[in-house]
Amino acid sequence: MSWIYRIKWTSRMLWKTSKELISDLYKYYFTTYPFLLIIGAFRRLKRRMKIIWIPRGKGRPQVSDEICNLILDMKRSNYGWGALRISQELALLGIKVSKTTVAKILKINGFIPPKTRMTQVSWKAFFENHKHIWAIDFHCVHDIKGNQVFVFVIIDIITRELVSINATLNPNHDWIIRQFLNASCDFYTFPSALIADNDGIYGKWLDQILKNYLDINVHRIPHNQPWKNRRCERLHLTIKTEILKRIDLKDAAHIRNLCFNYQEYYNQKRSHQAIGGERPGNKKSMVRQISNTDKISYEKKSIVSDLITEFKIAA
């Protein structure tokens, strides 16, 4: 029955072919190569008649929605895979889809082929490979004299413990390395990986020294993506909100003293939502449950230069 469907278009196709033939015959008198013009007209006529009378094949079967979803899921889960790789992986599953079809499906759904061959390791895979991770970052504050003071922090990503916090007017190569040495003096075990941003103060020297002498692999976050170091960014906001923005900062020594006092409070006494309300440096401490809550006697104590009030149940 396919020839009946195609014969409906016969009059239309013949009219179009006739127009082309008349046009070619008209141009026959104005071209210097009439024989080539006639050959071209004959080829076009043959192609038209072939389209009209010879039925087309069925072509490739349509890809189902389930296979399309599988292709997209493969691409999202392994962003470095291209059309050929996905086609080969489907073949291993017993599903035959050509590379061209896979590329077309990816393009329709917005997956443009990347310029680079490999992408950066996902954060999930990064945390799976490193169970002990630190992160570092700087933030700036100003004292009452207008001097810019740099506050440097080191935080343990897993336990949320504030490993080190210090302030200086002139951070440099030696000063940053000294912060890691001070952490070792406080009996901290060095991690296997360190997250850092692309600040100019962290040159290639940081990667080389930490790897060669402390066996720490430095992992740089992508450019213009500060949320990849969100633990440090959130810590900076906490420090500013709870102490540094609530008092006039005299000088760098005053800021440094505030930071040292806050580090003890942050690790030993402050509860953290990310670890279920526990304290980073005092997780195993047993909290005595109060059975009778009708009469509670408590004590208050001001700490960190009277900026924070600590509560304790009276004995």
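The values are calculated or read from the model by the stated rules, or taken from the named source; none is laboratory data. Keep in mind that what you see is a predicted model, and the values were worked out from it rather than measured. Cβ atoms come from the backbone with ideal geometry, glycine included; neighbour counts cover every protein chain shown.
If you check Phe152, Phe187 for being under 25 Å from Ile275 (Cβ atoms), without any contact (Cβ under 8 Å) to a residue 12 or more places away in the chain and not in a helix (DSSP H, G or I), only one passes: Phe187. Please indicate, with yes or no, whether at least one residue in region 197-215 is of a type outside the set (Asp, Glu), at pLDDT 90 or above, assigned by TED's automatic domain parsing to the domain that holds Asn257 and within 28 Å of Tyr265 (Cα to Cα). No, every residue in region 197-215 fails to be of a type outside the set (Asp, Glu), at pLDDT 90 or above, assigned by TED's automatic domain parsing to the domain that holds Asn257 and within 28 Å of Tyr265 (Cα to Cα). Per this entry, Arg230 is not counted among residues that are under 18 Å from Asn129 (Cβ atoms) and assigned by TED's automatic domain parsing to the domain that holds Asn261. Within region 228-273, being surrounded by 14 or more Cβ atoms within 10 Å (Cβ to Cβ) and among the hydroxyl-bearing types (Ser, Thr, Tyr) holds for Thr238, Tyr262, Tyr265, Tyr266. A single member of His130, His173 is at pLDDT 85 or above and either in the same structural domain as Asn212 (by TED's automatic domain parsing) or among the aliphatic types (A, V, I, L, M) (or both), and it is His173.
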